[in-house]
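K.L.:
Before anything else, here's the structure in question.
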């Protein structure tokens, strides 16, 4: 006969299968929503099975937790699409908080008799959990602009950070060998908490896609470690999937910036450019009005729009959609070229443009679109800077040299919507702006695109 | 329940391989929903928190367990909701389905 323990294991097994299917279905937009349903079904099954666990004596606290969690979760599920990066960072923090608290409670329930293997994974769980918790909160703060976005650096920063991490690991090792030294445990939480803050301080806005992915990976790994502690295969699988996904995204993002992980975490981009900023001379640029821009766009047959973080800041995606409609109606072929690190998290631009109802088959990745630029009449850049900078291809002295970019300078005409001539996040001047074929469209992205749309629909019938 | 190290590592490594193979195929178009979905799935850690709060072996465990349930549940509810909201927005061009 089936004991209740076996039934519980069986529900976990089914949930595991559903989780894998959930990610598999996410591979294509056509089946992606099935993925969400599979995930929800697996989750409900696993929670229902757990609630029947015979060791549970008191349901009051569980009920309070589930209700309060839902009350917080619903608004978190309803945030505006432009706020998705900070929401994601917050959810990494919440996941890490859960893991760290459970690890802490497990330690004090078992101490001082904790088997070595158990203590090892438990240390891993709380160290990763704690640093992910504060690191993600810091990232969310920077993304929400409650904290300064500029990287903050000081001398010996890397030494301090690595030192903190080394001390935390040292404490973990000591506890594995001497689990009765329970007074050390609070330090094993506190130091990674401090490390999480220190780790994010030197990181600037444009590095956020990599950092969010990395924190995603840590959150997954800490959950997997918790699975080892609790002996839950389901949790090990879920953590491994999350860890793998975060890892793949981090690698993608670092490649797209031509930087290594260590460089993102320990590099602090902002520093070296400070000296360059002073020597910049005023070079002439050509600017154009909305009327002129509309005229050129209307005469084009192929247009590629390159969106960046500036489009998100200006909330211009719906106006961009109107522009897309107006041009498509005139028979202009409009596509979007999306750099992997455009925006503040992987896939950020795609979500914003999809929100504005732009069909996803018009959103092309860098590698797919780059071959098209020589046949493109107009490349229209909205709020993107460094990802279009030809210096990354040509100028070996440039800090972003080697970073793969969108080859917008190969289009016949380049138009750049930008608020002013201020340099991008990296503080690097963009030679694209001084080309003869480049027209600068100065103004707020939303208003400027709106004016172009008015010209297109009114002025020329 | 106890799990020995080797069994645990088998499960972890196999899951990591499956994860790599499956997730590599996810189009960059959907990387934001991917992150919010894996985040929601990761919140399965709630099962550990539920047992902790329900068994009530100590008041300390009960309190930490309850806070952990709140944190994880907010991720489950919020994560699935926002993933579905995002995925609903992705539409192909051409004739729209009714």
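K.L.:
What average number of partner chain Cβ atoms lie no more than 10 Å from the Cβ of the residues making up A:39-48?
P.N.:
Working: counts 10, 8, 0, 2, 10, 1, 0, 4, 7, 0.
The mean count of partner-chain Cβ atoms within 10 Å per residue comes to 4.
K.L.:
Separate question: May I ask you to order A:107-117, A:244-254, A:398-408 by the average number of other C-beta atoms within 10 Å around their residues, highest value first? Display every interim value, and only then the final one.
P.N.:
Values: A:107-117: 14.5, A:244-254: 23.5, A:398-408: 20.1.
In decreasing order of mean packing, A:107-117, A:244-254, A:398-408 become A:244-254, A:398-408, A:107-117.
K.L.:
Let me ask something else. How far is the Cα center of segment A:391-414 from the Cα center of segment A:1-54, in Å?
P.N.:
46 Å
K.L.:
Mind checking Rg over Rh on segment A:323-443, alpha carbons, Kirkwood formula for Rh?
P.N.:
On the way: Rg = 14.2 Å, Rh = 15.0 Å.
On the Cα set of segment A:323-443, Rg over Rh gives 0.94.
K.L.:
Determine the calculated [θ] at 222 nm for chain A from helices alone, applying -39500 (n - 2.57) to every DSSP H run no shorter than 4 residues and normalising by the residue count; nearest 500 deg cm²/dmol.
P.N.:
Numbers: 18 runs with 265 residues, N = 461.
One gets -18500 deg cm²/dmol as the mean residue ellipticity at 222 nm.
K.L.:
Quote the relative contact order of segment B:27-89 in percent (integer), defining contacts as alpha-carbon pairs under 8 Å separated by 6+ residues. Please list the in-between numbers first.
P.N.:
On the way: 53 pairs, mean separation 28.3, N = 63.
Value for segment B:27-89: 45 percent.
K.L.:
Tell me, A:131, A:214 in order of fewest to most beta-carbon neighbours within 10 Å?
P.N.:
Working: A:131 29, A:214 26.
Least crowded to most crowded, the residues run A:214, A:131.
K.L.:
Among A:191, A:417, A:296, which comes first, then next, by fewest other beta-carbon atoms within 10 Å? Write out the running numbers ahead of the final one.
P.N.:
On the way: A:191 22, A:417 30, A:296 19.
So the ranking, lowest neighbour count to highest, is A:296, A:191, A:417.
K.L.:
What's the average, rounded to a whole number, of partner chain beta-carbon atoms within 10 Å of each residue's beta-carbon in A:347-356?
P.N.:
Values: counts 12, 2, 2, 10, 12, 2, 3, 10, 5, 1.
Partner-chain Cβ atoms within 10 Å, mean over residues of A:347-356: 6.
K.L.:
Once both axes come from the Cα atoms, what is the angle between helix A:185-200 and the longest principal axis of chain A, in degrees from 0 to 90, rounded to 10?
P.N.:
0 degrees
K.L.:
With chain B treated as a Gaussian network of Cα nodes joined by springs under 10 Å, which of B:17, B:80, B:60 yields the largest mean-square fluctuation?
P.N.:
B:17
K.L.:
May I ask you to derive the relative contact order of segment A:117-217, considering only C-alpha pairs under 8 Å and at least 6 residues apart, and to give it as an integer percent?
P.N.:
Taking the mean separation of contacting Cα pairs over the length of segment A:117-217, I get 47 percent.
K.L.:
Shielding by partners for A:78-90, please: the mean number of other protein chain Cβ atoms within 10 Å of each residue's Cβ. Mind showing how you got there, number by number?
P.N.:
Working: counts 4, 4, 0, 5, 0, 0, 7, 2, 0, 5, 6, 0, 3.
Other-chain Cβ atoms within 10 Å of each residue's Cβ, averaged: 3.
K.L.:
Going by the alpha-carbon gyration tensor, a ≥ b ≥ c the square roots of its eigenvalues, is segment A:58-270 rounded (a/c under 1.5) or, if a/c is not under 1.5, prolate (a/b greater than b/c) versus oblate? Present the calculation step by step, with values, prior to reporting the outcome.
P.N.:
On the way: a/c = 1.82, a/b = 1.23, b/c = 1.48.
Note, shape of segment A:58-270 comes out oblate.
K.L.:
Let me ask another. Please determine, in degrees from 0 to 90 and to the nearest 10, the orientation of helix A:4-25 with respect to the longest principal axis defined by the Cα atoms of chain A, where the helix direction is its Cα long axis.
P.N.:
Compared with the principal axis, the helix lies near 10 degrees.
K.L.:
Which of rounded, prolate or oblate describes the protein assembly as shown when judged by the alpha-carbon gyration tensor and an a/c cut-off of 1.5?
P.N.:
On the way: a/c = 2.60, a/b = 1.71, b/c = 1.52.
Prolate.
K.L.:
So if I take the centroid of the Cα atoms in segment A:69-85 and the same for segment A:326-376, what is the distance between those two points in Å?
P.N.:
Answer, in whole Å: 26.
K.L.:
In degrees, nearest 10, range 0 to 90: what is the angle between the Cα axis of helix A:116-143 and the longest Cα principal axis of chain A?
P.N.:
Approximately 30 degrees, to the nearest 10.
K.L.:
Follow-up question, since we're still on this one. Restricting to Cα pairs below 8 Å that are 6+ residues apart, what does the relative contact order work out to for chain A? Please round to a whole percent. Before the final figure, lay out each step's value.
P.N.:
Values: 752 pairs, mean separation 62.1, N = 461.
After rounding, I find 13 percent.
K.L.:
Any idea how far apart residue A:397 and residue A:5 come out in nm if each label point goes 7 Å out from Cα toward Cβ?
P.N.:
Each label point lies 7 Å from its Cα, and together they span 7.2 nm.
K.L.:
If you rank A:286, A:87 by fewest surrounding Cβ atoms within 10 Å, what's the result?
P.N.:
Working: A:286 12, A:87 25.
Ranking A:286, A:87 by Cβ neighbours within 10 Å, fewest first, gives A:286, A:87.
Computed from the coordinates by the stated procedures, all read-outs in this text should not be read as laboratory data. In this text the structure is predicted, and so the values were computed from the model without any measurement. Positions of Cβ are generated from backbone atoms using ideal geometry, with glycine treated the same way; all protein chains shown enter the neighbour counts.
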